[in-house]
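The values are calculated or read from the model by the stated rules, or taken from the named source; none is laboratory data. In this text the structure is predicted, and so the values were computed from the model without any measurement. Cβ placement follows ideal geometry from the backbone for every residue including glycine, while neighbour counts extend to all protein chains displayed. When the accessible area is computed, the model is the full protein with side chains, heavy atoms only, and any ligands, DNA or RNA have been set aside. Shrake-Rupley method; radii C 1.70, N 1.55, O 1.52, S 1.80 Å.
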Amino acid sequence: MSASQPFEEQSFVVLRRHGAALIYPVIFLSLDAALFFFLDWRLTEIWQHQLLLGVVLVIGLLLWFIPSLKFFTNRYELTSTRVVAHSGLFGTKTEEAAWGEVTGVSISRGVSAWFQGAGDIRLHREFGQDLVLIRVPRAKKLSKEIEQFLAKRSRTSGMRK
């Protein structure tokens, strides 16, 4: 690579939370549909049908659509130079950590996450708050790969000095 040629960032992987995060929204959607189909035929007035439909749609929006939208728009990008966490309802809020400021990696898992193979990966920063990747699938394997990447990166940057 020549001095005039800029360093190009490579994307390694894009991660989302473990798919088990969608279990409760799907259960709520099923209960919402059951509520509609078990109550709708018992109602006699048009306004009652419309009111039930409105309530069911609001419940579906709040308990299924919004959590599902949040699941599919929130993600973690691991690139050759940094880690970017996209969060918020539409994934518009971002938090970044350059690999140069990451000093270590740790993992924490609850019992249910342990059974699923998921966990929270905490990237310890030299300055500032740690960047936490929440409920990442295959968290133990990924944390080991990140540690190996950080070790390899520190060896190569030590050679350049």
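Annotation: amide H of H124 within the under-5 Å range of T103, G104, V105, S106, sequence separation 5 or more or interchain, hydrogens built in the peptide plane. Given in Å, the Rg to one decimal and the Dmax to the nearest whole number for the Cα atoms of the stretch 117-158 are 11.6, 34.
For every other residue with a beta carbon closer than 13 angstrom to the beta carbon of W114, add +1 if it is Lys or Arg and -1 if Asp or Glu, then tell me the sum. Numbers along the way, then the final one.
Working: positive: R109, R135, R138, K140; negative: D120.
Around W114, the charge tally is +3.
Which residues in the stretch 83-100 place their backbone N less than 12 Å from a point set 7 Å from the Cα of D130 along the Cα-to-Cβ direction? Hits in the stretch 83-100 for D130 at 12 Å: none. Between the residues G110, L39, H49, the greatest Cα displacement towards the positive end of the dipole of the chain, with unit charges on the Cβ of Lys, Arg, Asp and Glu, is found for G110.
State whether the stretch 1-90 is rounded, prolate or oblate according to the following rule on the C-alpha gyration tensor (a ≥ b ≥ c being the square roots of its eigenvalues): a/c under 1.5 gives rounded; otherwise a/b larger than b/c gives prolate, and the remaining case gives oblate.
Numbers: a/c = 6.65, a/b = 3.81, b/c = 1.75.
Prolate shape, in that a/c is at least 1.5 and a/b is the bigger ratio.
A simple charge model with +1 on the Cβ of Lys and Arg, -1 on the Cβ of Asp and Glu and nothing else charged puts the dipole of the chain at about 780 debye relative to its Cα centre.
Counting only protein heavy atoms and a probe of 1.4 Å, the accessible surface of the stretch 78-145 is 53% carbon and sulfur.
Computed log10 I(q)/I(0) for the stretch 59-107 at 0.27, 0.30 Å⁻¹: -0.96, -1.04, from the Debye equation with unit scatterers placed on every C-alpha and solvent omitted. How large is the Rg to Rh ratio of the chain when both quantities use alpha carbon positions and Rh follows Kirkwood? Dividing the radius of gyration by the Kirkwood radius yields 1.19. Between the alpha-carbon centres of the stretch 1-72 and the stretch 95-134 there is a gap of 26 Å. Using a simple spin-label model with pseudo-atoms 7 Å out from Cα toward Cβ, S112 and I27 lie 0.7 nm apart.
Solvent-accessible area per residue in the stretch 1-91 equals 69 Å², computed with a 1.4 angstrom probe and all protein chains kept.
Extension gain for the segment R155 to F38, taken as residue separation times 0.36 nm less the Cα-Cα distance, is 35.6 nm to one decimal.
From helices alone, the chain scores -13500 deg cm²/dmol at 222 nm; the rule is -39500 (n - 2.57) for each run of n ≥ 4 DSSP H residues, then divide by the residue total.
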